[in-house]
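K.L.:
Mind looking over this structure? Questions follow.
The values are calculated or read from the model by the stated rules, or taken from the named source; none is laboratory data. These figures come from a predicted structure and were not determined experimentally. No Cβ is skipped: glycine too gets one built from the backbone with ideal geometry, and neighbour counts run over all protein chains shown. Each accessible area value is taken on the protein alone, full model and side chains, heavy atoms only, with ligands, DNA and RNA left out. Shrake-Rupley method; radii C 1.70, N 1.55, O 1.52, S 1.80 Å.
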Amino acid sequence: MPTDRLQRDDFAIPAVELAPALLGTRLIRILDDGTRLSGRIVETEAYVGVKARASHAFNARRTPRNQAMYASPGIAYVYFTYGMHWCFNVVCAAFDVPEAVLVRAIQPEEGLDAMRTRRGGARDLDLCRGPARLCQALAIDRALNATDLTNSEHLWIESG
């Protein structure tokens with residue numbers, strides 16, 4: 001199956017531009033057993049780095065937790081929140097500029113049975129609605145932090 005994987009230049013734009021540009025693209029996750037999970041991105045949220053109080057990089061804060069935010073565009077920033085949930089972000093803008101887009105929800109397309117199992121039998125409407133549910137359904141966790149979405153065999157984004 002041919003893919004139109006997004007490349008570094010596609011991510012090298014400000015978060016406020018990338019967030020709407022990601023709508024309608026397809027998030028792909030390949031599990032270790034080869035199971036393919038995917039869905040259309042339907043909700044995003046921009047984090048503009050040092051200026052946004054809600055950003056982990058507010059006031060140029062740089063810690064081991066948020067180091068991936070300072071990486072090249074197209075890198076995954078995955079973090080743990082509230083002591084129980086993972087969140088998946090796409091780093092954008094430019095190297096050393098901590099901007100990212102939180103992928104808040106996808107409309108599942110492939111691997112629904114696996115997603116249902118991972119989500120404990122949740123109804124399809126709720127499989128990937130919300131950033132924590134999305135990460136649980138797609139098995140996205142700390143192991144995927146700093147993954148290069150432009151060349152990973154396990155996680156990437158394709159054009160719509």
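K.L.:
Considering only residues of region 119-132 that are touching a Lys or Arg at 6+ places or on another chain (Cβ under 9 Å) and in a helix (DSSP H, G or I), which is modelled with the highest pLDDT?
P.N.:
Only one residue fits best here, namely PRO131.
Conditions (1) over 15 Å from LEU155 (Cα atoms); (2) open to solvent by less than 10 Å² (accessible area, probe 1.4 Å); (3) assigned to a strand (DSSP E or B); (4) in contact with a helix residue (DSSP H, G or I) (Cβ under 9 Å, 6 or more places away or on another chain), marked per residue:
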position	(1), (2), (3), (4)
LEU18	yes, yes, no, yes
ARG29	no, no, yes, yes
GLY34	no, no, no, no
SER38	no, yes, yes, yes
VAL50	yes, no, no, yes
ARG65	yes, no, no, no
SER72	yes, no, no, yes
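K.L.:
Count, please, the residues in region 144-158 that happen to be under 12 Å from the mean Cα position of the chain (by Cα) and buried (at least 17 other Cβ atoms within 10 Å of the Cβ).
P.N.:
7
K.L.:
Considering region 133-143 alone, what residues qualify as being crowded, with 21+ Cβ neighbours inside 10 Å and not in a loop (DSSP other than H, G, I, E, B)?
P.N.:
LEU134, CYS135, ALA137, LEU138
K.L.:
Tell me, please, whether a residue that is without any contact (Cβ under 8 Å) to a residue 24 or more places away in the chain and at positive phi can be found in region 124-144.
P.N.:
no
K.L.:
Based on this model, can you work out whether GLN136 counts as out of contact with any helix residue (DSSP H, G or I) (no Cβ under 8 Å at 6 or more places or on another chain) and of a type in the set (S, T, N, Q)?
P.N.:
So GLN136 does not fit the description; no.
K.L.:
State all residues of region 86-132 that are open to solvent by 60 Å² or more (accessible area, probe 1.4 Å) and of a type in the set (D, E, K, R); if no residue qualifies, say none.
P.N.:
The answer is ASP96, ARG104, GLU109, ASP113, ARG116, ARG118, ARG123, ASP124, ARG129.
K.L.:
Another question about this same structure. Could you give me the residue pairs with C-beta distances under 9 Å whose first residue belongs to region 36-47 and is in contact (Cβ under 8 Å) with a residue 24 or more places away in the chain, whose second residue is aromatic (Phe, Trp, Tyr) and open to solvent by less than 30 Å² (accessible area, probe 1.4 Å) wherever it lies, and which are 6+ apart or on separate chains?
P.N.:
none
K.L.:
Another question about this same structure. Go through region 64-85 and count every residue that is at pLDDT below 95, among the aliphatic types (A, V, I, L, M) and touching an Asp or Glu at 6+ places or on another chain (Cβ under 9 Å).
P.N.:
2
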